[in-house]
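In what follows, a single structure is set out as structure tokens and then discussed.
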Amino acid sequence: MTKLSWGIVGGGEGSQIGLAHRMCSALDDKFQFSAGAMDINPERGNEYGVRLGLDADRAYGSWQEMLDGEKNRADRLDLVTVATPNATHFEITKAFLENGFHVLCEKPMTMTLEEAKEIVALQEKTGQICAVNYGYSGYPMVRQMRDMVRQGELGSVRSFVAEFSHGFHADAADADNPRVRWRYDPKQAGISAQFADCGIHALHLASFVLGQNPKKVSADFAACLDSRELEDDALVALRMEDGAVGRLWSSSIAIGRMHGLTLQVFGEKGGLRWAQEQPNQLYWNPINQSVQILERGQNGLSQSSLDASRLTIGHAEGAPVAFANIYKSIAKDIDARKAGKPVGAQDIDYPTAFDGMVSMAAIDATVRSSKADSVWTDLNI
Ligand code: NAD
């Protein structure tokens, strides 16, 4: 089978996430990097695309040019990744979906809940793939957690604790640095800063593992640096749709924390603990027994966890491999569609536009709750 054809909007030279997308789309030899509109500056984007090996006529100056150039090609793109700043995700994703492209959009999918609902409706109408890059759900040991919960090994899940807290925006003397400042400015970041940037990763991870979305939230947002309008620290209590209780903390002023994404799940029959900084180990404590350390790639793990592993047991695998599993899952879906095979919900192992919309509903509800002194607030899904 020939490779699928892949293009990216954003992810230009020096961007944080561009290289990750190029690495992850290429890792399983499923996608060929074929087109890009990679930079807000057309010349820079064109030059960089050509330098990376794109044909000059497919290194576009803008996403509109890329859409026009690609939509009538016989060898049009099979997948478009949107990796531009947040405020542009909605219109770019919408335009490519409307023109029959499959899309992988960076998070947050949109700036508002209304826009997110529009994308979900459009995805349902067009039947195109619209995935959202919650890449941490691609980790083999996260899939193992999900499968252990699904198979009932924990019994009913009573609660979870999720964190995504780092300390890299804690320096008051650096708060005016333009690379930091925009994140806490509502005109550029929207209604939430830290929760919308990092907290929703932790929430998606918990929802993915539990198989439950949040139903209502009580949130306490704080801007710990006086110069900030939006929160740099968020504490959220949650009630999930099947009854589990959740506690989530996300901060950017937690000096000493590095990446800080962790998830603990507590069920009737045992507890699980996983941390992104040691992703190859999963701590499993069956009730009244000693804690066991499950290793990525070991015999007896779930098939989807083993399928998501690449290196022999004991070798470190990390974020790029996890993110590549999102591309691998999307490629499987596209290949099935091309082969005319039916694709059911059980075949979809990547985060969808619906997940992106749930995140936007969670952002909307946490902001409303926080402004109302942490009153319990329903998600408008
Ligand atoms: P960045 O500012 O480092 O880079 C953005 C890139 O997009 C630049 O190359 C810029 O020139 C280009 N760009 C801007 N507007 C454009 C336009 N209209 N058309 C084409 N190119 C355009 O940003 P980043 O940190 O790479 O983040 C990009 C997105 O990725 C954000 O939405 C962010 O939330 C997301 N992100 C996700 C993860 C994750 O774990 N999933 C991690 C980091 C960033």
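The values are calculated or read from the model by the stated rules, or taken from the named source; none is laboratory data. A quick note: this is a predicted structure, and the numbers were derived from the prediction, not measured. Here Cβ is always computed from backbone atoms with ideal geometry, including for glycine, and neighbour counts include all displayed protein chains. Ligands, DNA and RNA are stripped out before the accessible areas are found, and what is left, the full protein with its side chains, is counted by its heavy atoms. Shrake-Rupley method; radii C 1.70, N 1.55, O 1.52, S 1.80 Å.
Quick notes
- Taken over the range 283-302, the criterion of being in contact with a helix residue (DSSP H, G or I) (Cβ under 9 Å, 6 or more places away or on another chain) and closer than 20 Å to Ser156 by Cβ is satisfied by Trp284, Ser302.
- Given (1) surrounded by fewer than 23 Cβ atoms within 10 Å (Cβ to Cβ); (2) within 16 Å of the ligand (Cβ to nearest atom), number of the condition Val120 does not satisfy: (2)
- Counting the residues of the range 21-49 that are touching a Phe, Trp or Tyr at 6+ places or on another chain (Cβ under 9 Å), in a helix (DSSP H, G or I) and open to solvent by 80 Å² or more (accessible area, probe 1.4 Å) gives 1.
- Criterion: open to solvent by 10 Å² or more (accessible area, probe 1.4 Å) and β-branched (Val, Ile, Thr) - qualifying residue of Thr110, Thr126, Thr81: Thr126
- Wholly enclosed helices (runs of 4 or more DSSP H) of the range 148-250 bearing at least 1 residues touching a residue at least 12 places away in the same chain (Cβ under 8 Å): 186-189, 200-210
- Looking only at the range 93-138, and only at residues there that are assigned to a helix (DSSP H, G or I) and of a type in the set (Lys, Arg), the one that is farthest from Ala193 (Cα to Cα): Lys125
- Residues of the range 70-115 that turn out to be in contact with a strand residue (DSSP E or B) (Cβ under 9 Å, 6 or more places away or on another chain) and near the ligand (Cβ under 9 Å from one of its atoms), as a count: 11
- Segments classed as strands (runs of 3 or more DSSP E), wholly inside the range 262-381, with at least 2 members that are open to solvent by less than 70 Å² (accessible area, probe 1.4 Å) and either of a type in the set (S, T, N, Q) or not assigned by TED's automatic domain parsing to the domain that holds Asp220 (or both): 281-286
- Boolean, Glu106 is acidic (Asp, Glu), under 21 Å from the mean Cα position of the chain (by Cα) and more than 17 Å from Leu203 (Cα to Cα): no
- Ile200 being open to solvent by 40 Å² or more (accessible area, probe 1.4 Å), aliphatic (A, V, I, L, M) and touching a helix residue (DSSP H, G or I) at 6+ places or on another chain (Cβ under 8 Å): no
- Test result for Leu67, part of a loop (DSSP other than H, G, I, E, B) and within 16 Å of the ligand (Cβ to nearest atom): no
- Pairing residues of the range 45-72 that are under 18 Å from Leu97 (Cβ atoms) with residues that are more than 14 Å from the ligand (Cβ to nearest atom) and among the polar types (S, T, N, Q), at Cβ distances under 8 Å and at least 6 apart in sequence or on separate chains, gives Leu67/Asn99; Lys71/Asn99.
- Residue within the range 149-170 that is touching a strand residue (DSSP E or B) at 6+ places or on another chain (Cβ under 8 Å) and within 13 Å of the ligand (Cβ to nearest atom) present: yes
- Annotation: of all residues in the range 62-78 being touching a Ser or Thr at 6+ places or on another chain (Cβ under 8 Å) and open to solvent by 10 Å² or more (accessible area, probe 1.4 Å), the one that is nearest to Met360 (Cα to Cα) is Trp63.
- A Cβ distance below 9 Å, combined with a sequence gap of six or more or placement on separate chains, defines the contacts here; from the range 14-32, residues that are polar (S, T, N, Q) reach residues that are open to solvent by 30 Å² or more (accessible area, probe 1.4 Å) and away from the ligand (no atom under 16 Å from the Cβ) in the pairs Ser25/Gln32; Gln32/Thr2; Gln32/Lys3; Gln32/Ala26.
- Matching residues, the range 1-18, being surrounded by fewer than 24 Cβ atoms within 10 Å (Cβ to Cβ) and within 9 Å of the ligand (Cβ to nearest atom): Gly12, Glu13, Gly14, Ser15, Gln16, Ile17, Gly18
Condition check ((1) under 20 Å from Ile326 (Cβ atoms); (2) hydrophobic (A, V, I, L, M, F, W, C); (3) surrounded by fewer than 23 Cβ atoms within 10 Å (Cβ to Cβ)) across all residues:
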| site | (1), (2), (3) |
| --- | --- |
| Gly138 | yes, no, no |
| Arg143 | yes, no, no |
| Met148 | no, yes, yes |
| Gly152 | no, no, yes |
| Ser159 | no, no, yes |
| Phe168 | no, yes, yes |
| Ala172 | no, yes, yes |
| Ala175 | no, yes, yes |
